[in-house]
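Right, one structure below, let's go through it.
The values are calculated or read from the model by the stated rules, or taken from the named source; none is laboratory data. Because the structure is predicted, anything quoted here is derived from the model rather than measured. Neighbour counts are summed over all protein chains in view; Cβ atoms, including those assigned to glycine, are modelled from backbone coordinates with ideal geometry. The protein model used for the area step is the full one, side chains on, heavy atoms only, and it has no ligands, DNA or RNA in it. Shrake-Rupley method; radii C 1.70, N 1.55, O 1.52, S 1.80 Å.
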Amino acid sequence: MKNDVNRQFRLKNRPVGRIKDSDFDYVETPIPELADGEALVRNLYLSLDPTNRIWMSDMDQYLPPVAIGEIMRGGGIGQVVASKSPHHKVGDIVNGLVGWQDYLHVKPDAMFPLSTLPKDLPIPLTTMMAACGMTGLTAYFGLLELGKPKAGDTVVVSAAAGAVGSVVGQIAKIKGCRTVGIAGGAEKCRLIKEEFGFDEAVDYKAADWREQLERATPNGIDVNFENVGGEIMEAIMPRMNLYGRMPLCGMISGYNATEPVKADFNPILMRRIGIQGFIVLDFAAKYGEGAAQLAQWVAEGKLKSKETIVDGLEKAATAVNMLFDGTNVGKLIVKIADPATV
Ligand SMILES: NC(=O)c1ccc[n+]([C@@H]2O[C@H](COP(=O)([O-])OP(=O)(O)OC[C@H]3O[C@@H](n4cnc5c(N)ncnc54)[C@H](OP(=O)(O)O)[C@@H]3O)[C@@H](O)[C@H]2O)c1
């Protein structure tokens, strides 16, 4: 890999349906010279997230869409390799929106400043992107603040073998709930029970998945942590207990859709379901509290972090489709480079 250029994915056009390599220009640009107040970060790991697909579109969303020609937005972890900024020291490991590129040119007016990770973390950097990162925080705040699970509650989570879902199931278990995970395929269903401790697994790719859901929730559902939307959400809602809670985290089944996805609101009324959409950024003021608790659970062996790591920045545009094909388990990450010893 060349170290003297900055490889970047720039959004060329808004994908229609599935993301294609041709939706990006993959360019090599010079590594920037730094002005006062700026820094240069060597990106190490890139987080691939379903929200990347949302950012590529111009649908109504919670951040400005990525503009055509702009570097694709993406979270990740990097290392400061040069600095004229009082906020960044060479060698610091930083976390934030690093972009789909080798190097991030850090400017003082960045919309989201990078955060510096503590030195000598006792856990791998990839765990800081998974169970202890944004996806862990999404699970933590969405489940605990909005789902309000009580011991003995039945908690259902879709995309249960994924980054957010696997953490939701484990936190619900820590809180004494009965956990039911919905995932695609027998292997993922085995995994969520054996590795993440779900009490029951529903394989939504099996012909009898609706019966499986019924058998797995004989006493109804108190909390549905919704990651998928569409048919799966519609099958869950009539099984909700009165005044059940439904944190609406994501609706990945519709992200590649070319027509708007419609939902039946009748069960919301009949079951008096409390649905609350949220974005993890809503809880930014409490990230410290959430991250400390997640890290403690990981250290105590109560929370497992699982990651699928793809090697090579050049694979990002292809690898992001693993989220839609279901070929990732846990957090999907692209490894770009190893940290340097400073
Ligand atoms: N609100 C927030 O702040 C926030 C933050 C992070 C993530 N999210 C949302 O949370 C959800 C999960 O995100 P994640 O990062 O943890 O991704 P993930 O679960 O690690 O990966 C996505 C998974 O979704 C499943 N999936 C894809 N298409 C599907 C479909 N049509 N029907 C059913 N399942 C499908 C696949 O698993 P199977 O193999 O089981 O199909 C896939 O592995 C997404 O909807 C995402 O947008 C929201």
* Qualifying positions in segment 171-195 - away from the ligand (no atom under 13 Å from the Cβ) and buried (at least 24 other Cβ atoms within 10 Å of the Cβ) -> Ile171, Ala172, Thr179, Val180
* To do: Would you please name the residue that is nearest to the ligand (Cβ to nearest atom), looking only at residues in segment 202-212 that are open to solvent by less than 60 Å² (accessible area, probe 1.4 Å) and assigned to a helix (DSSP H, G or I)?
  => Trp209
* Structure fact -> Among (1) within 16 Å of the ligand (Cβ to nearest atom); (2) surrounded by 14 or more Cβ atoms within 10 Å (Cβ to Cβ), Asp60 falls short only on (2)
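Within segment 98-116, work out how many residues are part of a strand (DSSP E or B) and either among the basic types (Lys, Arg) or in contact with a strand residue (DSSP E or B) (Cβ under 6 Å, 6 or more places away or on another chain) (or both). Steps first, answer last, please.
Pass one, segment 98-116, residues part of a strand (DSSP E or B): 101, 103-106, 115-116.
Still in the list and also either among the basic types (Lys, Arg) or in contact with a strand residue (DSSP E or B) (Cβ under 6 Å, 6 or more places away or on another chain) (or both): 101, 103-104, 106, 115-116.
Going through segment 98-116 one residue at a time, the tally reaches 6.
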* For segment 285-296, does any single residue satisfy the condition of being in contact with an Asp or Glu (Cβ under 7 Å, 6 or more places away or on another chain), outside the structural domain of Asp60 (by TED's automatic domain parsing) and over 20 Å from Ala201 (Cα atoms)? -> no
* Considering only segment 293-334, state which residues are surrounded by fewer than 17 Cβ atoms within 10 Å (Cβ to Cβ), within 24 Å of Gln8 (Cα to Cα) and away from the ligand (no atom under 14 Å from the Cβ). => Asp311, Gly312, Glu314, Lys315, Thr318
* To do: Give the residue that is most open to solvent (accessible area, probe 1.4 Å), with candidates limited to residues of segment 253-286 that are aromatic (Phe, Trp, Tyr) and modelled with pLDDT of 95 or more.
  => Tyr255
* **Candidate set from segment 213-230 (those that are within 15 Å of the ligand (Cβ to nearest atom) and in a loop (DSSP other than H, G, I, E, B)); member that is nearest to Val167 (Cα to Cα)** => Asn227
* Structure fact -> Of the residues in segment 10-57, those that are open to solvent by less than 60 Å² (accessible area, probe 1.4 Å), assigned to a strand (DSSP E or B) and within 21 Å of Ala337 (Cα to Cα) number 11
* Members of segment 231-252 that are open to solvent by less than 10 Å² (accessible area, probe 1.4 Å), assigned to a helix (DSSP H, G or I) and within 15 Å of the ligand (Cβ to nearest atom) -> Ile236
* Residues of segment 237-256 satisfying the condition of being touching a residue at least 40 places away in the same chain (Cβ under 8 Å) and closer than 22 Å to Asp325 by Cα -> Cys249, Gly250, Ile252, Tyr255, Asn256
